[in-house]
1. For segment 637-648, does any single residue satisfy the condition of being closer than 25 Å to Pro544 by Cα and aliphatic (A, V, I, L, M)?
2. Taking the condition of being among the aliphatic types (A, V, I, L, M) and free of Cβ contacts under 8 Å to residues at least 60 places away in the same chain, how many residues in segment 693-719 meet it?
3. For the subset of segment 236-264 comprising residues that are assigned to a helix (DSSP H, G or I) and closer than 25 Å to Lys734 by Cα, which member is least open to solvent (accessible area, probe 1.4 Å)?
4. Scan the helices (runs of 4 or more DSSP H) fully inside segment 128-217 and keep the ones with 1 or more residues being open to solvent by less than 20 Å² (accessible area, probe 1.4 Å) and under 22 Å from Leu268 (Cβ atoms).
5. Could we say that Ala651 is open to solvent by 10 Å² or more (accessible area, probe 1.4 Å) and over 14 Å from the mean Cα position of the chain (by Cα) here?
6. Does Gly553 satisfy the condition of being at positive phi, within 31 Å of the chain's Cα centre (by Cα) and open to solvent by 10 Å² or more (accessible area, probe 1.4 Å)?
7. Output the residues belonging to segment 278-290 that are within 16 Å of Ala442 (Cβ to Cβ) and open to solvent by less than 40 Å² (accessible area, probe 1.4 Å).
8. Identify, please: which residue in segment 71-113 is crowded, with 21+ Cβ neighbours inside 10 Å and of a type in the set (Ser, Thr, Tyr) and is, among those, farthest from Lys155 (Cα to Cα)?
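The values are calculated or read from the model by the stated rules, or taken from the named source; none is laboratory data. All values reported here derive from a predicted model rather than from experimental measurement. Cβ atoms come from the backbone with ideal geometry, glycine included; neighbour counts cover every protein chain shown. We work out accessible area using only protein heavy atoms, side chains counted, and drop any ligands, DNA or RNA first. Shrake-Rupley method; radii C 1.70, N 1.55, O 1.52, S 1.80 Å.
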Amino acid sequence: MMMNNMNDSKEEEVLCGIVESVVFQNTTNGFTVIEVNCKGTIITAVGSLSDITAGEELEMRGRWDTHATFGRQFRIGTCTRRLPDTAAKLFRYLASGAVKGVGPKLAAKIIKEFGENAFDVLEREPDRLAVINGISKKKAVEISDDFNRQYAMRKIMLSLEEYGVSPAESAAIYKLFGVNAMDVIRENPYILCGQVRGFDFERAEKLKTDMALEPAADYRNSAGILYIISHNLYANGHTCIPRRKIISPSNALLGVSEAEVEAAIDRLIENKRLFSVEIENEPFLFLPDIYEAERSIAEHLKRAVRFIPQSAKNMEAALRSLEMEFGFSYAEKQLDAIRIAAEKGLLILTGGPGTGKTTTVRGIISIYERQNIDILLCAPTGMAAKRMSELTGRDAKTIHRLLEVEWSEEDKPVFRRNAQNPLSAGAVIVDEVSMVDVELMASLLEAIPIGCRIILVGDADQLPSVGPGNVLGDILASGVMPVVCLTEIFRQAQKSLIVMNAHSIISGKMPVLNRTDSDFFFMRRDNQIQTAKTVRDLTAMRLPDAYGFSPIGDIQILCPSKKGECGTVNINKQLQEVLNPKSVSKSELKTPSGRIFREGDRVMQIKNNYNIHWKKGAEEGDGIFNGDIGIIRKINFVTDTMLIDFDDREAEYPADNLSELELAYAVTVHKSQGSEYPVVIIPLIDCPTQLIYRNLLYTAVTRAKKILIIVGDEERVRMMVENNKRNRRYSALKTFLCN
């Protein structure tokens, strides 16, 4: 993804030349500035060119533009590399330092000694290098080894480039399969599925066709079945799926008989690439990682229940002292929760808004402090952790930060805190558990040491996690865990129509829509255009003028859908034009899909990225996660990055990752989980049928702290309240907990 502050409509050109020098390279995103000798003329070219060196011959496709600061340059869209095939080109390649241990002087000696044969000597006859003064036999082997490594990787890149495989993907393939990568791919292109980021079954199918390959049928059948199962798990939130539901789509995708599909599933189970478990007398299929995660959660929770901590002394006196300290009396269920937290190894605390979850957690923390128990607080998102800190007065971290996340070469999270290096704590309190998927919960529980108390807090009526699983729902449904469900709405909370209407909604009753003297408002509109206009006017003018709310910092629009006049895409576009219009003082960039990002825009990260580095004062770390919201502070055309402030964490954000960002003046209800905003506006008219259900509306309403405004049609509100059908998630945690 190249950043461009100009609109350039010139036709694409093809240029060939030899790289003279690498002027600049951003190691994070691969953005590179090079000088290229094109038939005697030196030009500047920019593009995403990982691992480029002087001396390489390039065929570049792209367009010319004139940068405001750096002048005329060629922006590379695609690039084909050629290995050096003459002594002069090889000298330039070696002299660039591409091969470890070889600089300009040694490169000159090698070319002088072997001329056009230098390539063969470096590749196949390293002993001959030792005749050159300054090269020992050991160094000769080291030079040859590094040359062959570089050569092999470039050869693989060249071989795969014509089939649409990017340099970064080629490098990942080389790391996995080494010098034999092409032989491995020719035998089985489906081996790339799930192992190389960006390769799924459909991509492997295309590679098979483009390369005219004929891999064994079993390779294809296995990859297709795993693709279908993986898609169902991660797209729909399942952790497992009934075996019978896989047969028909596999048959359709692969074009093979049901018997062949069944046989392939059996082989996958035999080879432990799938796991099969009987749930209510029906076989369910799991991917290994998800299976292990759900089993692990069950085992850790059952172990926590078996753990009996040292009993708190004079518990009733401590509770009376606690009430005196806080100046109010706890309800009986709240006291039950505090007792369980003090006397047992596990507590699940759940309840809706206004039922006292926060005051109960504060009481638990106070009791632990009196017992000198070290406490750690965490939540799944940055916004949720920040809110937890504000409500408890103690530091709370995201679960990822608490576990000290790093990343693997495959861009998968690796946590430094685990069973071998557990957290140092006597109690861990986790908020917004409904948002936590099975993989993250398994990692968290694995890092909690034996004997540490665990408090899981959440609202089971909210939407489930974006990732696979139904952790909180399954724990409650199992009936075997110590649970306290708070149901009493406290007097102070009863003054809030937001709270009272939220409880009405989740009970299947219509909320009060005709009051204008509280914090919950309904504005009737007859169509989508009127609704969208009202949302824009409320955000940009009416609420800021009447109450002083910041349209960017305080007001959040929550839409059921991305699509339509009242979906996030259109409302974001309208609000960007009003709240952060185009200006000569603000740099901006336009993506190939036509989306515009400019300095000052409110944006949201829409997938976990463990590679992005951030700083917050003296603290720094890695990882920007799904749902994190930030403001674009600066666009840097030199480094092809943006400086984005994610809730006081400043991140240098690579332009190559722009597909992971969306404007966030409006976000979907699903993306708002775990967050609260001073003002929430919900456009509710002509929603897609699959999004008209009760707990989506409940989740949206409970995101508002001070003001909630629904704009649209009351009949749509009624339809959502009356529809309590939730999309079913297949999961096995309940089964594993009960066994």
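1. Scanning segment 637-648 turns up at least one residue that is closer than 25 Å to Pro544 by Cα and aliphatic (A, V, I, L, M).
2. The number of residues fulfilling the criteria is 1.
3. Looking at the filtered set, the residue picked out is Ile246.
4. Passing ranges, in order: 181-187, 201-210.
5. No: the conditions fail for Ala651.
6. Criteria not met by Gly553.
7. Phe286, Leu287, Pro288, Ile290, listed by residue number.
8. Across segment 71-113, the extreme among qualifying residues is Ser96.
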